[in-house]
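Since the structure comes first, as structure tokens, the remarks are kept for the end.
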């Protein structure tokens, strides 16, 4: 079955870096774009970044542009979110989500999320 | 694009019809989705392209609208519908969510 699974979360000090992974299975990974979405404790959802099926296009929220980088390795069925210069306000559960269809960017399948805590 | 969702919360009885609205700050054609999130869980897609029911979603959920004004309707609220609902515009980047509507069962 279609599955995306996040990993890599943890506790990190402000200013440090962390890399999240989103491992996919159950579908032709190289045909689908992937989103990252985050949710701070007790808050709503915030879209973070998106990468196209082949990695040729990427998009970022203003709040993370120039600090976060989304990438993918289609040979490993994995998308990465490299986070640098982390701030306390980056504390959140980070979800990855697969495009509903190759041509429809709705968030069709979500992972269970991975918690990132930025604290000294 | 700013997405304004209302109400922020509501309480309704089993069997009631519930309507949640989202307004976009500019026209987004029908590029809007609705998501349901239960406590401690990841969100799930309910509706895509404003009015298309995602696979496996009960028929009591429906979406409508185009341009700037959109609605999610739950026709015949069920206990398992207690959740927070979000709209998301996927017309352009950066994507933007509505603030969410928490639905409680009386």
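Here are a few things to note about the model shown:
- With contacts taken as Cα pairs under 8 Å at a separation of at least 6 residues, chain A carries a relative contact order of 35 percent.
- Shielding score for A:98-110, defined as the mean number of other chain Cβ atoms within 10 Å: 5
- Relative contact order of chain B, pairs being alpha-carbon contacts under 8 Å that are 6 or more residues apart, as %: 38
- Between residue B:14 and residue B:68, the FRET efficiency from the beta-carbon distance, with R0 = 30 Å, is close to 0.40.
- Between residue B:26 and residue A:101, the C-beta separation translates, for a Förster distance of 30 Å, into a calculated FRET efficiency of about 0.75.
- Subtracting the Cα-Cα distance of residue A:5 and residue A:19 from their residue separation scaled by 0.36 nm leaves 3.6 nm.
- Computed over chain A with a Gaussian network model linking Cα atoms closer than 10 Å, the most mobile of A:36, A:47, A:110 is A:47.
- Take each residue of peptide B:43-50, count the partner chain Cβ atoms within 10 Å of its Cβ, and average: the result is 4.
- Considering only B:13, B:51, B:62, the mean-square fluctuation computed in a Gaussian network model of chain B, springs between alpha carbons under 10 angstrom, is largest for B:13.
- When chain B is treated as a GNM with alpha-carbon contacts under 10 Å, the residue of B:55, B:25, B:82 showing the greatest mean-square fluctuation is B:55.
- Separation of the stretch A:67-120 from the stretch B:32-94 is 22 Å, based on Cα centroids.
- The distance linking the stretch A:1-28 with the stretch B:1-30 is 31 Å (Cα centroid to Cα centroid, whole angstrom).
Read the figures in this text as sums done on the coordinates, not as results from a lab. In this text the structure is predicted, and so the values were computed from the model without any measurement. Quick reminder, even Gly has a Cβ in these numbers, built from the backbone with ideal geometry, and neighbours come from all protein chains shown.
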